[in-house]
1. With each label point set 7 Å from Cα along the Cα-Cβ vector, what nm distance links Q82 and S25?
2. Take the Cα gyration tensor of the range 211-315, multiply each eigenvalue by 5, square-root it, and list the three semi-axes largest first, rounded to whole angstrom.
3. What residue among A114, L128, P85 has its Cα farthest toward the positive end of the dipole of the range 72-160, where the charges are +1 on Lys, Arg and -1 on Asp, Glu, each on the Cβ?
4. Sticking with the crude label model, points 7 Å out along Cα→Cβ, report the distance from L456 to R117 in nm, one decimal please.
5. Rounded to a whole number, what % of the accessible area of the range 77-135 do carbon and sulfur atoms account for, probe 1.4 Å?
6. For the pair L343/A234, report the inter-label distance in nm, with labels modelled 7 Å from Cα in the Cβ direction.
7. Relative to the first principal axis of the alpha-carbon coordinates of the chain, what is the inclination of helix 44-54, with its axis defined by its Cα atoms, in degrees from 0 to 90 and to the nearest 10?
8. Order W328, W336, W280 by their accessible area, 1.4 angstrom probe, all chains in place, largest first.
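The values are calculated or read from the model by the stated rules, or taken from the named source; none is laboratory data. Since we're looking at a predicted model, the values are computed, not measured. No Cβ is skipped: glycine too gets one built from the backbone with ideal geometry, and neighbour counts run over all protein chains shown. Areas reflect the complete protein model, heavy atoms only, side chains present, ligands, DNA and RNA absent. Shrake-Rupley method; radii C 1.70, N 1.55, O 1.52, S 1.80 Å.
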Amino acid sequence: VFQAVFNLLIPDHAADAFSPPRLGSPGPWDALLERLLGGLGRWDAEHFLFIAERGYLFEHNCAFLPLFPLSLRALAGLWPPQLQPRSRLLLSAALLNALLAVLAAAALLGLGRAVLRRRGEAFLAALLFSISPAGVFMAAAYSESMFAFLAFSAMWQLEKGQSWLSGLLFSLASGARANGLINAGFFLYSRGKRFALQLQVGSASVRKLPLMKQALSLASSAALMCAGISLPFALFQYYAYVRFCGPGTGLDQTVPEPLLQLARDRGYRVAGMDGAKPPWCSQRFPVVYSYIQDTYWNVGFLRYFELRQIPNFLLALPVTLLGSWAAWTYVSTNPWHCLTLGLERSKSVEKGKPRDGFCGPAAFVYMVHATALLAFGFSCMHVQVLTRFLGSSSPILYWFPAHLLLEHEPLLWSAGTDNPTSGKPLLSKSPSSRGKGTPDNLVVRLLLNWRSITPLSKSILGFFLCYWLLGLILHCNFFPWT
């Protein structure tokens with residue numbers, strides 16, 4: 001609703017972005033859908049919608065992995081044929097991402113309960129996800145909601161010991177976004193930690209089998225899982241190689257002239273056309289993804305560190321500070337646990353009472369994952385995308401603010417918020433709670449008491465809500481955003 005209103009009131013900015021010509025004559029229903037949902041089809045959404053309709057026609061489209069556009073194409077067949085293909089795809093994207101965002105929040109809630117072991121903290125983190133600073137990308141025709149759902153679900157299943165189901169979900173995630181490849185680290189760490197703990201306690205399974213055989217079994221299992229996770233990405237690189245590096249097929253004869261003219265005007269390489277092969281085709285390992293990032297968008301180490309990019313660094317400053325603060329808080333609370341990579345059996349575990357919450361030992365691998373993404377994104381990517389990059393990939397962006405709110409906001413020191421460390425008097429439960437055992441919406445409670453909450457709470461909620469709202473205003477009208 002917000003994006004429709006803002007898109008109606010604010011004229012679109014004339015952005016230098018991929019914008020293929022609309023083919024065919026739109027009907028009244030197409031015009032209505034464009035008016036209602038058009039703001040969800042801006043910037044990279046144009047690529048996803050174009051791929052779903054036309055396939056990987058242009059070389060630079062291969063920067064966008066196929067799982068999300070394939071899903072849109074499958075759903076588009078459910079709508080009346082009177083609608084233009086783009087309208088059917090846009091409607092599919094809006095409905096699919098609405099569902100996936102809800103499922104991602106549910107998966108984050110389950111993951112938080114398994115890792116944090118504080119129901120209130122996990123619930124508040126899921127509420128914060130619903131007003132994510134990357135919220136516009138969860139709703140628009142982007143792959144963020146799909147990736148968040150698959151990644152959080154895979155992490156949750158791995159915490160529950162469902163390794164094969166987790167591996168399948170991680171594999172699907174790597175078919176949606178390239179940074180899904182790094183999720184293989186969760187499997188490697190899980191296997192390595194299990195083996196290290198077995199060695200420390202001298203379990204019967206280790207005594208029965210030679211140590212080398214145990215290590216080989218562990219390594220082969222981890223390698224198989226990592227290969228499975230990487231398979232969708234590798235298969236897509238092969239598909240791109242066949243499509244753009246193979247012999248010409250005369251495909252240009254079947255491409256509509258307006259699209260060929262767009263390719264000539266913008267210098268796009270069209271699949272299936274005869275002529276010089278792209279440079280990446282002759283590489284030992286031809287990976288089109290890295291070539292496109294380098295050639296078309298100048299993505300590389302420290303390449304974005306220019307004076308003219310200061311506004312984009314300012315856009316990324318809140319999430320950078322939040323991620324850095326989270327890392328410092330965790331490391332300063334658990335210095336020995338971090339130095340030993342969480343592989344040493346702690347005294348609290350031996351006593352059967354491990355520390356819970358964000359600073360607990362179970363969150364270590366998630367903190368490492370978030371810090372690695374933050375460091376890579378800040379130094380090697382277009383820095384303004386850090387907000388949605390972390391918002392769709394790491395639960396830390398929601399766990400740490402939830403931890404801060406519950407530790408430092410007196411309004412939340414009430415029954416059911418699981419705050420055993422503050423030692424402050426507890427307030428009675430909010431009257432908005434609808435019954436015994438039913439948690440109220442803590443975010444709404446804070447917003448309704450805005451004047452009385454702490455500056456820290458105002459800063460956290462201000463960041464989440466301002467970026468949520470600004471994203472709808474700016475992104476949906478083709479203004480530069482995160």
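1. Between Q82 and S25, the label points sit 1.5 nm apart.
2. Values: eigenvalues 251, 133, 26 Å².
Semi-axis lengths for the range 211-315 are 35, 26, 11 Å.
3. Value: A114.
4. 2.3
5. Working: 1470 of 2130 Å².
The value for the range 77-135 is 69 percent carbon and sulfur by accessible area.
6. Distance between label points: 2.5 nm.
7. Roughly 60 degrees between the two axes.
8. Details: W328 175, W336 150, W280 0 Å².
The most accessible residue leads, giving W328, W336, W280.
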